[in-house]
Structure formats: C-alpha cells, structure tokens
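Here, each number is a calculation from the coordinates, and none is a lab measurement. Here the structure is a predicted model, which means the values were calculated and not measured. We place every Cβ from the backbone using ideal geometry, glycine too, and count neighbours over all the protein chains shown.
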C-alpha cells in the first residue's frame with residue numbers, strides 16, 4: 001500500500017490553504033497556481049520531504065522554485081510559515097470552506113463576504129435560502145439555485161468521509177502508533193476495512209502488554225484535536241481531519257473475535273449471532289463461547305471464529321449481509337481479485353494531454369510496479385480543458401511509443417480516452433481508431449442530456465467496433481457532480497451484446513463504477529477493467545481503491561480484462577474489428 005510521507009502532506013495542505021487565501025484575496029493567478037502545483041508535487045512525493053531537504057534538493061522537485069523551497073525549509077525548521085499566518089489574519093478561516101462549494105468561484109465568495117458577511121457555508125446557505133443574496137449585483141436566481149445545489153452536494157460529501165481520505169488518516173495514525181512502540185499488532189477494522197466508499201469513523205485494534213502506554217501515545221498525537229473518551233484499554237479522539245477514531249487494546253486470545261466484531265457490518269454480525277445461537281454458541285468481541293459450559297472455544301483469529309460456526313473465513317469486503325453467509329455455507333464464496341492478478345493498467349495520462357509526467361516516466365513507473373503492459377490513453381481533441389490530442393498529435397504519440405518500446409521490458413500499448421460526442425459518435429474517425437491497441441470511450445461534456453438521449457449516446461458508442469472499454473460509465477465526481485441520468489442496465493446490456501468492458505475507475509474523485517453497479521455488471525457477464533486514471537505517477541497506486549470496489553462487487557480475476565495476459569488482452573480488444581477473426 002502506498003502511504004504519503006506525513007510532513008509532505010502537512011506542507012501540501014498548507015500550500016493549498018495559501019493558494020486559496022491568495023485566490024480569495026485577488027492574488028496573482030500565477031502565484032495561486034504555483035502553490036497548487038507545489039502542493040500536488042508534495043502530495044505525490046515518494047520519499048520524505050525531510051530527506052530531500054537534507055540533500056539540498058527541494059528546488060529540483062517539479063514546480064518548487066527557490067521561494068517555495070525556502071517556505072518548506074521554514075516549516076521544517078520552525079513548524080510554521082510566516083506568510084501563511086499573515087494571510088490568515090486578513091480573512092476568517094471559515095471563508096476558505098466556501099471554495100469547496102461547486103460552482104462558487106473565489107471572486108463571488110469574496111463579493112458575498114464583503115457585501116453580506118458570508119463567512120461560512122451555514123451563513124451562505126441562509127442567505128441563499130432567504131433570497132438575500134439576490135440583492136448583490138451580479139447574483140441572479142440561476143446563481144442562487146446553483147449555490148444551493150452546490151451546498152447540498154458539499155453536505156452530502158461531508159456527512160461521511162470518503163474512503164481514500166479516511167484511509168490516509170488511518171495510515172498516519174497507525175504508523176505513529178507503531179513508531180512509538182508498545183503495540184504488538186495493529187489492525188484497522190470497521191467500514192474502512194470493508195472498503196466502503198465512505199466511512200463514519202475509524203476503528204483501530206491493538207494488542208499490547210503495555211495498554212496504558214499505547215493509550216497515552218494515541219491521545220497525545222499532534223493530530224488529535226479533542227479527547228472524546230479515555231480509559232485503561234480504549235479511547236476515542238477527534239482527529240484534525242474531522243473524523244472520530246476509536247482505539248481498543250485487546251488481549252491476543254480475543255483479537256480475532258474483536259477484529260470480526262468491530263469490522264462488521266452490523267447486519268452481517270446479526271446473522272452471525274443468529275447462526276451461533278442455533279448451535280448453542282454465543283459470539284461477542286471477546287470470543288465464541290459454549291452457552292452450556294461458558295468456555296471460550298474460539299477468538300484468537302477470525303478464521304477460528306468463523307470456523308467454530310462451521311463457516312470458511314469470509315473476506316471483509318463481502319460482510320454486508322448480501323448473500324455472503326449463504327454462499328459460505330454452500331461453499332460458493334467467490335475467489336476475489338487480488339493485486340497479484342492485475343497484469344496492467346488500461347487508463348493512464350502523460351503530459352501529452354493533462355498528465356503531469358513525460359511518457360518515459362510513466363512507462364518506467366508502470367514497469368517498476370511489475371506490470372506486463374500499460375495503455376497510454378491521453379485525451380482526444382474535444383477535451384480541450386485537458387489539452388486533448390488531435391489526430392496528427394495522436395499519430396505522433398503512437399510513433400513515439402513504437403520508438404520507445406525496445407528500451408523497455410513492459411509492453412507499451414497505444415490508446416486513447418476518446419470523447420463520446422453528444423450523438424454517440426467518437427471524437428476520432430475509425431481510420432484513426434484502428435491504429436490504436438486499446439480504445440477507451442468516455443463522456444466529458446453535455447452531462448445534462450435527457451435520460452433517453454444519454455442512454456442512446458452510450459449505447460451507440462459501445463456499438464463502435466473499435467471501442468473496447470467504457471470509461472467512468474456514470475460520470476460522477478464524488479461531492480462535486482452527480483451521475484448523469486442514464487439507463488445503466490440498458491448500457492450494460494449493450495456492453496454485453498457488443499463484447500465490451502466497463503471500467504471501475506479507481507480515481508478517488510470518481511470510484512466509478514461503484515460497487516453496486518459493478519456487481520450488476522458482473523451478474524450480467526459484462527467484463528470489467530480496473531484502471532487508475534493516472535495523471536500523477538503516484539496515482540498508479542490508486543489501483544487498490546478499484547480492487548476494493550471489485551472485491552465488494554464479488555468480482556474475481558476471470559471477469560477482469562486487465563488480468564488477461566498481453567496476447568489474450570489484444571485478441572479480446574481486436575476481435576470485433578472489421579476483418580478480425582472470431
């Protein structure tokens with residue numbers, strides 16, 4: 001699992017804050033972008049920023065010049081950035097939250113603050129609902145409606161924490177606990193272990209011979225804002241990221257039972273307890289007990305807990321009372337996909353379009369991850385915001401890929417994330433598409449088409465003989481854009497009829513398809529591609545998020561196209577093309 005260095009992430013957050021403060025205060029757009037680029041570099045830094053600083057190489061990092069390198073050095077030496085503290089004095093810190101509202105730009109946010117004192121989301125919502133913001137010049141009814149819609153999306157995203165952010169928080173906390181000693185075994189439980197799309201809080205279990213030492217370490221972590229509860233073997237805190245984290249220190253003999261119990265889900269555990277009662281057993285966080293003698297018969301491992309009930313171990317991702325217990329009793333649990341089964345990534349970008357790294361660096365990073373192949377799938381020309389490639393540029397990229405191939409062990413496949421136009425035609429003609437190894441079709445415009453038009457659009461795209469994968473099929477951006485209105489069953493039926501795959505896009509902003517839709521695709525026999533949608537090299541490790549969705553959808557490697565060996569993948573991708581042999 002990839003974990004970003006803690007200090008680099010801290011500084012990245014501060015740089016994002018500086019960019020926001022400068023943006024609201026009408027700072028130079030170039031300065032704003034400089035801080036944003038620097039933050040992105042730090043977020044994807046594969047080593048500690050302290051080590052880079054110690055070598056005197058901060059200025060060699062992409063997007064970090066002398067001034068920003070000095071600010072990083074200032075923070076490492078003093079724990080503060082003087083300019084940021086000065087910027088904070090000019091505006092209330094809650095104002096920056098307004099920039100998280102989709103469709104509310106910094107100029108409008110500053111205008112509403114200056115004219116009406118809109119210094120928080122709550123205040124802005126009240127002003128919008130009352131209609132008072134319509135008194136501000138330039139604010140019309142459509143703007144008011146868009147603001148209210150954006151606030152609703154923002155609230156939905158804040159009600160529970162997205163899995164990627166919660167996972168990063170849990171990783172930092174568990175790493176800190178491990179580094180300070182006293183903990184023999186540390187495991188994350190709860191919905192995070194089940195890889196739910198969002199989580200309410202974080203559960204951490206520990207075994208230790210020094211429980212009070214572990215508890216003290218936990219409640220005194222610098223990231224802890226508030227101690228909610230503290231005892232001899234358990235504690236709860238509020239983390240600076242807004243999550244409650246619950247820690248329990250348990251004895252080794254009950255660790256498996258506690259892990260099973262606190263992993264959940266609630267509905268799964270209710271069924272487990274019912275099954276236990278029918279066998280004169282009881283199950284709790286302390287173990288499995290014989291109701292007649294009171295003796296503990298299992299509890300050290302989860303395998304023992306399930307085994308005592310006559311069940312095989314059930315993977316955490318399946319524990320939702322969605323048929324997993326019946327499947328376990330009938331010995332029909334699926335062999336879920338693992339990272340080892342994935343042979344390549346079908347969706348990556350380079351600096352030929354909106355990626356942030358040269359082609360060679362992407363290839364080297366994919367090869368370093370042990371892949372057999374990688375598809376370079378930069379955007380097509382209609383994606384102007386993403387600097388999409390025209391036909392000549394795409395042909396030049398294909399030629400470059402063929403030129404580079406002898407230098408690498410990994411097979412570099414030429415692809416495109418080709419826009420599906422409003423009528424369902426593709427952004428490139430067939431004579432261009434036939435030059436590609438793999439073609440991804442994707443919607444990047446006209447998201448508000450009526451349901452029948454969007455459905456017809458996607459069905460027509462899937463009928464194109466050169467299309468292989470429908471990328472991010474519902475178009476959602478988590479907390480920012482709802483899925484477009486489409487008859488997904490009709491789209492999946494078209495994918496099955498034409499032998500095409502649908503994507504589980506593992507980008508944290510998308511996670512599209514979600515687990516419910518992916519399971520439906522699998523039930524219909526539609527192949528699935530798990531792709532990273534890489535724009536930064538570290539994004540390649542987002543694959544784990546896609547694997548979590550696939551596992552929750554009961555999907556095994558046989559249903560995943562990028563689990564195929566290279567020859568079989570290409571045979572699958574080309575078999576529907578004109579003149580191809582079936």
For segment 497-582, the percent of all C-alpha pairs falling in each 10 Å bin, from 0 up to the bin holding the max distance, is 18, 45, 30, 7
When the chain is fully extended, how far beyond the present Cα-Cα distance does residue 460 get from residue 165, taking 0.36 nm per residue of separation? 102.5 nm
What translational diffusion coefficient, in µm²/s and rounded to a whole number, does the Stokes-Einstein relation yield for segment 6-159 at 4 °C and a viscosity of 1.567 mPa s, taking the hydrodynamic radius as the Kirkwood radius over Cα pairs? 77 µm²/s
Angstrom value of the Kirkwood radius, inverse mean 1/r, which spans all Cα pairs in segment 453-498: 11.1 Å
Could you tell me what percent of the DSSP beta bridges with both partners in segment 339-574 are antiparallel, to the nearest 5? 10 percent
Over what distance in Å are the Cα centres of segment 43-84 and segment 212-241 separated? 30 Å
For segment 223-370, compute Rg over Rh where Rg is the Cα radius of gyration and Rh is the Kirkwood radius from the inverse mean 1/r over Cα pairs. 1.15
What are the extents of the Cα atoms of segment 176-222 along their three principal axes, in Å, largest first? 33, 22, 16
How large is the helix-only mean residue ellipticity at 222 nm for the chain, computed as the sum of -39500 (n - 2.57) over DSSP H runs with n ≥ 4, divided by its residue count, in deg cm²/dmol to the nearest 500? -12500 deg cm²/dmol
When 300, 41 are ranked with the fewest other C-beta atoms within 10 Å first, the list becomes 300, 41
As a Kirkwood estimate from alpha-carbon pairs, segment 339-574 has a hydrodynamic radius in angstrom of 17.3 Å
If N is the number of residues in the chain, what value comes out of its Cα radius of gyration divided by 2.2 N^0.38 Å? 1.04
If you average 1/r over all unlike Cα pairs in segment 98-142 and invert the result, what Kirkwood radius do you get in angstrom? 10.4 Å
Quick check on segment 161-249: of the DSSP beta bridges with both residues there, what percent are antiparallel, nearest 5%? 75 percent
So for 376, 199, 528, fewest C-beta neighbours within 10 Å to most, what's the order? 199, 528, 376
Can you give the Rg to Rh ratio of segment 254-329, both from alpha-carbon atoms, with Rh computed by the Kirkwood formula? 0.93
Provide the percentage of antiparallel DSSP beta bridges, counting only those with both residues in the chain; round to the nearest 5. 45 percent
Determine, at each q value in 0.13, 0.16 (inverse angstroms), the log₁₀ of I(q)/I(0) that the Debye formula gives when each Cα of segment 161-249 is one equal point scatterer. -0.35, -0.54
Assign one of three labels to segment 471-542, namely rounded, prolate or oblate, based on the Cα gyration tensor with a ≥ b ≥ c the square roots of its eigenvalues; rounded applies when a/c is under 1.5, prolate when it is not and a/b is larger than b/c, and oblate otherwise. oblate
